[in-house]
1. Between residue 420 and residue 107, what's the calculated FRET efficiency when r is the beta-carbon distance and R0 is 35 Å? Round to 0.05.
2. Beta carbons within 10 angstrom, averaged per residue: use that to sort the peptides 451-463, 489-501, highest first.
3. Which translational diffusion coefficient, to the nearest whole µm²/s, is obtained for the chain from the Stokes-Einstein equation, given a Kirkwood hydrodynamic radius over C-alpha pairs, 37 °C and 0.692 mPa s?
4. Run lengths n ≥ 4 of DSSP H only: what is the helix-derived mean residue ellipticity at 222 nm for the chain, with -39500 (n - 2.57) per run over all residues, to the nearest 500?
5. Treat each spin label as a single point 7 Å out from the Cα along the C-beta direction, and report the residue 397 to residue 372 distance in nm.
6. Provide the percentage of antiparallel DSSP beta bridges, counting only those with both residues in the range 23-177; round to the nearest 5.
7. How large is the convex hull of the C-alpha atoms of the range 8-279 per residue, in Å³?
8. Just subtract the alpha-carbon distance of residue 191 and residue 353 from 0.36 nm times their residue separation and send over the number in nm, one decimal.
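FYI, it's all coordinate maths here, none of it is from the lab. As the structure is a computational prediction, the values presented were derived from the model and not from experiment. Glycine also receives a Cβ, built like all others from the backbone with ideal geometry; neighbour counts cover every protein chain displayed.
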């Protein structure tokens, strides 16, 4: 495709997606998702905000060292320390981009930055030139562009393009815009800015009014050639434009859009499930493209029509996004080689034989409980392994529950807390409640359970249950996850995982938290 025909997909699941409360990811989890995005042929992967913390820096660095076919990007405020941090984190990348930003709306400049328009303009230009020390692939975002004054927006964009910015991203930071207005803004910027042809124009839309995808597509109609989005629409507040909806919207409606992406869309469902599994944010059943009901037909009239001709009620094929695919089903008789091969096909490489042996032992244990093991089970198994590796403070030793009609449920839990075994027995309204009460007797964490969610990973009565809990303490929110064929045990694993995360110190800084 020519530049005018290609729509560049910029995935920010690992950065903006991680800003969803409780959706933080470990370095290894970010690498797993990045490899899945690379298999899907995503053009640019925004791996994180390196200055936020040592862990974020190391995660961006690990992604940069792993990914070869996609460009790896890091976010920086318009500050020298931020830009230098991104440059250092990305120095080993095969292809790198620095993404820097500063707010340009009157309310942000006055209330948050406390800077004049001229100061913001000067800082923006300085930041782009600073980024040029590390790469010639530089993206600039005027934060809250959707509420910025058009004349000032044009001044800033023209100046940063002259300074070396090759991509200009127009964010609807607070999800305030509507499609017609936002599309015309992109058109006007392209027409009014003298050097607009020297940069690719991009959009980054938030979903506060449920219009992120609509705004993004309206911008594409009017000339934007990059869309910033996330898997499953993950992101802070109401989320971002969903990658799967943008990509399939453009591909399905070629009569409207004069461009297309280079993505392998058959990887969409697999990537969606991986992100859901790692972050603990389940996909709603009626979610477009990746929801379990997206290609289901209940109505008799619809079923009859689809049987006669699929296109009567389906505008795209389920297999084109990965719903119907040839999947290797493993079981208790599957050997180590088959196990390793399937995980390699899913993009998982083991750093040592010890890691492989540990994962294979967990696989065999699961195979004794479950007749058939699908890709989703393998992904959950790997997430479970990474969760256990993190649980340095609290570890499960044993669980015993008793539930009988007419009797109060009871649970006995034994935990290892900082190496010391503790035991408690408690009653509750159900076995899960009793189990959590027993844990609370041993650990005075002060957490509030905000969410308890159960989803089946695959189908059948022997399916693993995947439990997500959301815990809050003093304004901090974490997600805990656990999976098992025993839903009570999965619930306990999730609660322990959440408690361990809550006990870790926090040194992460929000990219929009500090003044420039």
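1. 0.10
2. Per-residue Cβ counts within 10 Å, averaged per peptide and sorted highest first, yield 489-501, 451-463.
3. Translational diffusion coefficient: 135 µm²/s.
4. About -11500 deg cm²/dmol.
5. My value for the distance between the label points is 4.0 nm.
6. Taking every DSSP beta bridge with both residues in the range 23-177, the antiparallel ones total about 0 percent.
7. 111 Å³
8. Extra length from residue 191 to residue 353 when fully extended: 52.5 nm.
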